[in-house]
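The structure appears right after this line, and notes come after that.
The values are calculated or read from the model by the stated rules, or taken from the named source; none is laboratory data. Since this is a predicted model, take the numbers as computed values, not measurements. For neighbour counting, all protein chains shown are included, and Cβ atoms are generated from backbone atoms with ideal geometry for every residue, glycine included.
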């Protein structure tokens, strides 16, 4: 009987001693957010600059474009997110041979964004955009019609699309890609075509883009 009581006492002492020790697990630092948590909402503040109509470089010209705006992004899965954004977009010279110096086309694209990404602290991603560009100004295009040169008012208006590849780390997003905006006749609101062809005029832009994503939840 004495041995039994001693054994019980020893077991109780061991249990009480274990409970009295501080728990190291409770003091572990929380894991940092890596930006691919399902249900996370982020606000991107973005800016980009690039070349408009890349062929202009080979004519010893340097047309360019710029944009600045924001996008709300919702992480629907570990590798998929959806976004909605808007930007102020300035396009310089669709074709340097046609436009005189100082003519610019400006618009505000409103677009949906689909992003496919890897997981982890550093992620690689592919962005696909599609939307509609709202014009904010118009300029005159000099175009030959027969033996005369006519002035056609044009706008950056209509279908907007783009694609990019990039890398994301700790809220920073850096990507390279291209996008395009339809060019329309401001008087008729019809697509503008190259003279004597059925090929639409489209401003195609190649760019470097940076954004910072702020978590909202």
Checklist entry - Is the stretch 137-155 home to any residue that is without any contact (Cβ under 8 Å) to a residue 40 or more places away in the chain and surrounded by 15 or more Cβ atoms within 10 Å (Cβ to Cβ)? => result no
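Yes or no, residue by residue, for (1) assigned to a loop (DSSP other than H, G, I, E, B); (2) at pLDDT 80 or above; (3) closer than 24 Å to residue 204 by Cα:
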{"residue": "10", "(1), (2), (3)": "no, no, no"}
{"residue": "15", "(1), (2), (3)": "no, no, no"}
{"residue": "36", "(1), (2), (3)": "yes, no, no"}
{"residue": "83", "(1), (2), (3)": "no, yes, yes"}
{"residue": "96", "(1), (2), (3)": "yes, no, yes"}
{"residue": "107", "(1), (2), (3)": "no, yes, yes"}
{"residue": "119", "(1), (2), (3)": "yes, yes, no"}
Checklist entry - Tally time: how many residues in the stretch 170-186 are within 17 Å of residue 139 (Cβ to Cβ), free of Cβ contacts under 8 Å to residues at least 60 places away in the same chain and buried (at least 20 other Cβ atoms within 10 Å of the Cβ)? => result 2
Checklist outcome for this item: Residue hits (the stretch 38-51; modelled with pLDDT of 95 or more and part of a loop (DSSP other than H, G, I, E, B)) are none
Next on the checklist: Just to be sure I understand the filter: pairs with C-beta atoms under 8 Å, separated by 6 or more residues or on different chains, first member in the stretch 187-205 and on the phi > 0 side of the Ramachandran plot, second member surrounded by 13 or more Cβ atoms within 10 Å (Cβ to Cβ) and modelled with pLDDT of 85 or more. Which pairs pass?
Outcome noted: 189/157
